[in-house]
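Before any comments, here is the structure.
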Amino acid sequence: MEPTQTAEPDYFHKVVDCQWACPAHTDVPEYIRLIAQGEFTEAYLVNRATNVFPGILGRVCDRPCEPACRRGRIEDKPVAICRLKRVAADHRDEVAQRLPRAPAKKNGKKIACIGAGPASLTVANDLLPLGYEVTIFEQFGVPGGLMRTNIPAFRLPVQVLDEEIGYIVSMGADLRLNSPVNSLRKLLDSREFDAVFVGSGAPKGKELELPGRRDTDRIHIGISWLESVAFGHIERIGERVLIIGVGNTAMDCCRTSLRLGAKDVQVMARKPREFFKASAWELEDAEQETVKIVVNHAPKSFVVKDGKLTGMMFDKLEYDIENGEIKATRELGEEFFPCDDVILAIGQENAFPWIERDIGVELDRWNVPKVDKVTFQSTRPEVFFGGDAAFGPKNIIWSVEHGHQAAISIHKFCQGEPVTARMPRGVTLTSRKMGMHEWSYKNEYNGAERRLVPHVALVERFKKVNIEVELGFTAEQAALEVQRCLNCDMQTVFTAKLCIECDACIDICPVDCLTITPNGTEGELRARLKAPATNPQQALYVSAALPQTARVMVKDEDVCVHCGLCAERCPTAAWDMQKSTIKIPHAIDEDATCRS
Amino acid sequence: MSYINKPKVAHPSLPTNALGLTRRQYEGAMSTLCAGCGHDSVTAAIVEACWGIDLKPEQLAKLSGIGCSSKTTAYFVAGAHGFNSVHGRMPSIASGAAAANRELTYIGISGDGDSLSIGFGQLAHAIRRNINMLYIIENNGVYGLTKGQFSASADIGTKAKKGEVNLTPPIDPVLLALSLGATFVARSFSGDKQQLVPLIQAGLKHNGFALIDVLSPCVTFNDHEGSTRSYTFTREHYHPVIEADFVPKASEITVDYQEGQALSVELHDGSQVILRKLDASYDPTDRSAAYHFIETKIKNHEYVTGLIHIDESSTTEFHTLNKTTKVPLNRLPFEKLSPGNAALQKLQARWR
């Protein structure tokens, strides 16, 4: 193999698995270390620089970082990254003074954002400090989009939402509530705005057209129903509720039902558990609240007698599954489930009845807009899309990242620069060497197991619809959980010409990551390392030829615990522990280059 | 020297041996030797070797004297018996222990100072008596603990860190062992575990005294230009003649060896050592030829490595010659160990 190009920003970025997996590339190890030092405000600001809503995401993020966490490959459980984010948000001081501000002198460009959800708010957050005037059109009387209407208050308290949205709006955004945009043509024709960002989400819940669907008013569309609960339009539900679908919306529907008077809630899944879309922890929380999950039942009809919904008929199914794939399905007969209400939570779509088809914004045959995956520009140059509106339902953290990228494009577009000429990511490496064999980070491996977040007692939590169930980590729990982080951004950096091949690093490595061996193809090297490198997702770090024997030093990045012992034991400092800082460009960085 | 202990965390797919133990379970305390010390690599090789032959940790006795080398017994097989003796006196302790309990496997770790200066006589007699043990000399040519004076194994012409040149002729432990009739003599290098690990395994299984002289550079006081014991110099003058592969008892030999290039020697317990000749003219079973060969190569400043001499047919093994007790003393009934005053009187009467 050729020597690994560590100057390539993505190389060390990938080693920081959590940061690489995060759509917004939040610098996770950095903020966890700040929490460890009690610097909650700093930790919050590190978060906010990339994910904009740390308090919100610390509660309801989809956490793509956690399945990626290296700790999960060494032990069972990853670091509780998401819950530590909440620790930073809950324990910080006032940050208003330290947030970006909009300059008094505007740059004369006006931007319209449609929908006040996370994507639009991120666009506003990134563009206001550059002097743009941003107007946000929101159909409801409160901002937040799906974060407010679809996520129940018992998971995400209203105060947290209000505060973090407030930081952006108070930068000077012109937030127009109760102002749905009914015609994009009209908005564009008004020539009031230099660019338009569509962040209107995917607000249309999927229907299930089965016999009986139209014979009763006790069948609800999940996301619309949650919206009505959020706005106080619905306060009760029947005692027996069936939820159709088993994604995260279904989890919110079943748990909300319990808070509105339901006693017997069953979530009906067509497939076995391994195919569920809901996050494991949301399933866990629902089941803890006595929700029953029924697998292998396909809905057949709604049973309505004398205009009253009495239940649903299902086909019971059996599957042959091989290697996680369904090979065959058999019907085992019908089964009736009595109920008073049914909530459909089988997915959602974006819908654009307000975008005229002849204004140059092309939609494909599924009515999905044609949007560039990097620039988020539509086929009409001044119109950009982001969040669920762009590529269908994802999650909040993806919406935030779409917002960041769209903001860069809008800035480039408004400054007359090509939207495709974007700054590349960068990486800086700085040594953490303090003394002979000491490093300025806590490199000792802590074998503690993942802490469990305390919850409000079951009897208490159903008293009101908005009692937050998770209490967040206590100070003691947080102090231990932060020590579980492996500091993956403390990179092992190797200088081949210094190596005397004494084997000290290889002997001391607790997880057998290192090998000195004759060079070969990647396949050969992976097979002949001290512990074979069987995870192809994780790179091999291959050195240049070593001075004495022309062999190469190979490091399998897979399970390195970043303890720094290789560098401590290295007599020639060929190994060094260096902190990598991944530079993720945002609109403000592009602005600096525009100016210079 | 390190500021943290080696974490207990291990590679999730670490293999286990026949006892169900991983290699990590054969480690000892954290080394306090200098970073890059050859001795730490020897330690790692011993860990690997003991794990590989499924040695029960409590079946091993590790003994040492004084010196950097002698610290290393603390760094492997934490579950073994151990004795850290007076400087240079480890062979006496080992002889006594072996005589008292022949069931344990004995490994003595020493250095060029401990063995070739203060303990020279002790080593010579342990070889002569053919104590059933593996004796490893971690040989770096200097006294590391006292800041780098030449040891008795320093070559003529080698330079100390401050520049003075050694003019006194060295003692070569391999030539010494050959001349005293040792039945297992090997030399290796701390930087070559592929060679060292099977040598240690064969040495542990050899019936009689096994000596491995391991060139183990002192990274602090003897790894500079002009030294004949540095990593660079050792690699440049390293001459493997016989590679040994250790094949445990009742295992199949899976590697193909070229006709005439390989020689199999069966050890006492039924395991085998397959000797691969890298130099076709070399015969490891011929002691005097081996002596001559090594001596010639030393004159050319070459370190001959590998299993230099092996003789499994020797009848001088310590327990056989001395008819030591087959049952360890700690398992003999008290009455047999201490037959009492009457028996003593009877014994003494024989010489009156």
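Tell me, which residue of segment B:1-11 that is farther than 20 Å from A:Asp76 by Cβ and within 7 Å of another protein chain (Cβ to nearest Cβ) is surrounded by the most Cβ atoms within 10 Å (Cβ to Cβ)? Lay out the reasoning, then the answer.
Quick first cut of segment B:1-11, residues farther than 20 Å from A:Asp76 by Cβ only: B:1-6.
If we keep only those that are within 7 Å of another protein chain (Cβ to nearest Cβ) as well, we get B:1-4, B:6.
On the way: B:Met1: 13, B:Ser2: 18, B:Tyr3: 15, B:Ile4: 17, B:Lys6: 20.
Only one residue fits best here, namely B:Lys6.
Which residues, taken from segment A:541-566, are more than 9 Å from chain B (Cβ to nearest Cβ) and over 17 Å from A:His13 (Cα atoms)?
A:Ser543, A:Ala544, A:Ala545, A:Leu546, A:Ala550, A:Arg551, A:Val552, A:Met553, A:Val554, A:Cys566
Can you name every residue in segment A:504-514 that is in a helix (DSSP H, G or I) and more than 7 Å from chain B (Cβ to nearest Cβ)? Please lay out each step first, then the result.
The first filter runs over segment A:504-514 and keeps only residues in a helix (DSSP H, G or I), leaving A:504-508.
Matches in segment A:504-514: A:Cys505, A:Ile506.
Can you find, within segment A:161-183, the residue that is farthest from the chain's Cα centre (by Cα) among those that are under 23 Å from A:Val229 (Cα atoms) and among the aliphatic types (A, V, I, L, M)?
Ranking the qualifying residues of segment A:161-183, first place goes to A:Leu177.
Of the residues in segment A:568-587, how many are surrounded by 22 or more Cβ atoms within 10 Å (Cβ to Cβ), farther than 20 Å from A:Pro29 by Cα and within 14 Å of chain B (Cβ to nearest Cβ)?
5
Among all residue pairs at least 6 apart or on different chains, which show Cβ distances below 7 Å where the first residue, located in segment A:264-281, is crowded, with 21+ Cβ neighbours inside 10 Å and the second is among the polar types (S, T, N, Q)?
That search, which allows pairs on different chains as well, returns A:Val265/A:Ser257; A:Ala278/A:Asn248.
Of all residues being in a loop (DSSP other than H, G, I, E, B) and polar (S, T, N, Q) in segment A:389-429, which is nearest to A:Ala202 (Cα to Cα)? Just the residue, please.
Here is the first cut: in segment A:389-429, the residues in a loop (DSSP other than H, G, I, E, B) are A:392-395, A:415-425.
Those left that are additionally polar (S, T, N, Q): A:395, A:415, A:420.
Numbers: A:Asn395: 11, A:Gln415: 30, A:Thr420: 26 Å.
This residue is A:Asn395.
Among the residues that make up segment B:179-202, is at least one of them at negative phi, within 14 Å of chain A (Cβ to nearest Cβ) and in a strand (DSSP E or B)? Break it down stepwise before answering.
Looking only at segment B:179-202, we keep the residues that are at negative phi, and these are B:179-180, B:182-202.
Still in the list and also within 14 Å of chain A (Cβ to nearest Cβ): B:188-197.
With in a strand (DSSP E or B) added as a condition, the list becomes B:188-189.
Yes: segment B:179-202 contains one or more residues that are at negative phi, within 14 Å of chain A (Cβ to nearest Cβ) and in a strand (DSSP E or B).
What residue, of B:Glu236, B:Glu317, B:Glu259, is away from chain A (no Cβ under 14 Å), out of contact with any helix residue (DSSP H, G or I) (no Cβ under 7 Å at 6 or more places or on another chain) and modelled with pLDDT of 85 or more?
Numbers: B:Glu236 fails: away from chain A (no Cβ under 14 Å); B:Glu259 fails: modelled with pLDDT of 85 or more.
Only one candidate passes the filter, namely B:Glu317.
Just checking, does segment A:389-410 include any residue being surrounded by fewer than 16 Cβ atoms within 10 Å (Cβ to Cβ) and charged (D, E, K, R)?
To start, the set of residues in segment A:389-410 that are surrounded by fewer than 16 Cβ atoms within 10 Å (Cβ to Cβ) comprises A:392.
Right, trim to charged (D, E, K, R) and you get none.
No, because not a single residue in segment A:389-410 is surrounded by fewer than 16 Cβ atoms within 10 Å (Cβ to Cβ) and charged (D, E, K, R).
Being in contact with a helix residue (DSSP H, G or I) (Cβ under 7 Å, 6 or more places away or on another chain), not acidic (Asp, Glu) and not assigned by TED's automatic domain parsing to the domain that holds A:Glu133 is true for just one of A:Val294, A:Val267, A:Val198, A:Val246. Which residue is that? Full working, then the answer.
On the way: A:Val294 fails: in contact with a helix residue (DSSP H, G or I) (Cβ under 7 Å, 6 or more places away or on another chain); A:Val198 fails: not assigned by TED's automatic domain parsing to the domain that holds A:Glu133; A:Val246 fails: in contact with a helix residue (DSSP H, G or I) (Cβ under 7 Å, 6 or more places away or on another chain).
Result: A:Val267 is the single residue among A:Val294, A:Val267, A:Val198, A:Val246 that is in contact with a helix residue (DSSP H, G or I) (Cβ under 7 Å, 6 or more places away or on another chain), not acidic (Asp, Glu) and not assigned by TED's automatic domain parsing to the domain that holds A:Glu133.
Can you name the residue in segment A:232-278 that is in a helix (DSSP H, G or I) and of a type in the set (Asp, Glu) and, of all such residues, is nearest to A:Lys327 (Cα to Cα)?
Initially, segment A:232-278 is screened for residues in a helix (DSSP H, G or I), giving A:248-259, A:273-275.
This time we only want the ones that are of a type in the set (Asp, Glu), so: A:252, A:274.
Working: A:Asp252: 31, A:Glu274: 14 Å.
Looking at the filtered set, the residue picked out is A:Glu274.
Determine whether B:Val214 is within 14 Å of chain A (Cβ to nearest Cβ), of a type outside the set (D, E, K, R) and in contact with a strand residue (DSSP E or B) (Cβ under 6 Å, 6 or more places away or on another chain).
Numbers: within 14 Å of chain A (Cβ to nearest Cβ): yes; of a type outside the set (D, E, K, R): yes; in contact with a strand residue (DSSP E or B) (Cβ under 6 Å, 6 or more places away or on another chain): yes.
So B:Val214 fits the description; yes.
Looking at A:Glu75, A:Glu138, A:Glu94, A:Glu164, can you tell me which residue is on the phi < 0 side of the Ramachandran plot and free of Cβ contacts under 8 Å to residues at least 12 places away in the same chain?
Details: A:Glu75 fails: free of Cβ contacts under 8 Å to residues at least 12 places away in the same chain; A:Glu138 fails: free of Cβ contacts under 8 Å to residues at least 12 places away in the same chain; A:Glu164 fails: free of Cβ contacts under 8 Å to residues at least 12 places away in the same chain.
On inspection, the qualifying residue turns out to be A:Glu94.
Please work out if B:Ser230 is more than 14 Å from chain A (Cβ to nearest Cβ) and surrounded by fewer than 24 Cβ atoms within 10 Å (Cβ to Cβ). It would help to see each step written out before you state the result.
On the way: more than 14 Å from chain A (Cβ to nearest Cβ): no; surrounded by fewer than 24 Cβ atoms within 10 Å (Cβ to Cβ): yes.
Considered against the rule, which asks whether it is more than 14 Å from chain A (Cβ to nearest Cβ) and surrounded by fewer than 24 Cβ atoms within 10 Å (Cβ to Cβ), B:Ser230 comes out as no.
Any chance segment A:488-503 includes a residue that's free of Cβ contacts under 8 Å to residues at least 24 places away in the same chain and either more than 13 Å from every other protein chain (Cβ to nearest Cβ) or not in a helix (DSSP H, G or I) (or both)?
Yes, segment A:488-503 contains at least one residue that is free of Cβ contacts under 8 Å to residues at least 24 places away in the same chain and either more than 13 Å from every other protein chain (Cβ to nearest Cβ) or not in a helix (DSSP H, G or I) (or both).
Pick from A:Ile355, A:Ile346: which is buried (at least 18 other Cβ atoms within 10 Å of the Cβ), touching a Gly at 6+ places or on another chain (Cβ under 7 Å) and assigned to a loop (DSSP other than H, G, I, E, B)?
On the way: A:Ile355 fails: touching a Gly at 6+ places or on another chain (Cβ under 7 Å).
Just a single option satisfies the conditions, and that option is A:Ile346.
With respect to B:Gly67, is the statement that it is small (Gly, Ala, Ser), more than 14 Å from chain A (Cβ to nearest Cβ) and in contact (Cβ under 8 Å) with a residue 60 or more places away in the chain true? Write out each step before concluding.
On the way: small (Gly, Ala, Ser): yes; more than 14 Å from chain A (Cβ to nearest Cβ): yes; in contact (Cβ under 8 Å) with a residue 60 or more places away in the chain: yes.
Taking the combined requirement at face value, the residue satisfies it.
Only one of B:Asp155, B:Asp245, B:Asp172 is over 20 Å from A:Ile516 (Cα atoms), free of Cβ contacts under 8 Å to residues at least 60 places away in the same chain, more than 14 Å from every other protein chain (Cβ to nearest Cβ) and not β-branched (Val, Ile, Thr); which?
On the way: B:Asp155 fails: free of Cβ contacts under 8 Å to residues at least 60 places away in the same chain; B:Asp172 fails: free of Cβ contacts under 8 Å to residues at least 60 places away in the same chain.
On inspection, the qualifying residue turns out to be B:Asp245.
Restricting the first residue to segment B:20-37 and requiring it to be over 25 Å from B:Leu55 (Cα atoms) and at the interface with chain A (Cβ under 10 Å from one of its Cβ atoms), which pairs with a second residue that is surrounded by fewer than 14 Cβ atoms within 10 Å (Cβ to Cβ) and not small (Gly, Ala, Ser) meet a Cβ separation below 7 Å and a spacing of at least six or different chains?
The qualifying pairs are B:Cys34/B:Met1; B:Ala35/B:Met1.
So B:Leu14 clears everything in (1) more than 10 Å from every other protein chain (Cβ to nearest Cβ); (2) farther than 30 Å from B:Asp223 by Cα; (3) hydrophobic (A, V, I, L, M, F, W, C) except one condition, right? Which one?
The failed condition is (1).
Tell me whether segment B:296-318 contains one or more residues that are more than 26 Å from B:Ala177 (Cα to Cα) and surrounded by fewer than 10 Cβ atoms within 10 Å (Cβ to Cβ).
No, segment B:296-318 contains no residue that is more than 26 Å from B:Ala177 (Cα to Cα) and surrounded by fewer than 10 Cβ atoms within 10 Å (Cβ to Cβ).
Of the numbered conditions (1) more than 13 Å from every other protein chain (Cβ to nearest Cβ); (2) in a helix (DSSP H, G or I); (3) in contact with a Lys or Arg (Cβ under 9 Å, 6 or more places away or on another chain), A:Val453 fails exactly one; give the number of that condition.
Single failed check for A:Val453: (2).
Taking B:Val142 and the conditions (1) surrounded by 22 or more Cβ atoms within 10 Å (Cβ to Cβ); (2) under 15 Å from the mean Cα position of the chain (by Cα), which numbered condition does it fall short on, given that it satisfies the others?
The single condition B:Val142 does not satisfy is (2).
Can you confirm whether segment A:152-160 contains a residue that is in contact (Cβ under 8 Å) with a residue 24 or more places away in the chain, assigned to a loop (DSSP other than H, G, I, E, B), within 30 Å of A:Ala102 (Cα to Cα) and under 23 Å from the mean Cα position of the chain (by Cα)? Lay out the reasoning, then the answer.
Within segment A:152-160, the first condition is being in contact (Cβ under 8 Å) with a residue 24 or more places away in the chain, and the residues that meet it are A:152-158, A:160.
Imposing the further condition that a residue be assigned to a loop (DSSP other than H, G, I, E, B) reduces the set to A:152-157.
Subset that is within 30 Å of A:Ala102 (Cα to Cα): A:156-157.
Restricting the remaining residues to those that are under 23 Å from the mean Cα position of the chain (by Cα) gives A:156-157.
Yes.
The values are calculated or read from the model by the stated rules, or taken from the named source; none is laboratory data. In this text, all values refer to a predicted model and were calculated from it rather than measured experimentally. Glycine gets a Cβ as well: all are built from the backbone with ideal geometry, and neighbour counts include every protein chain shown.
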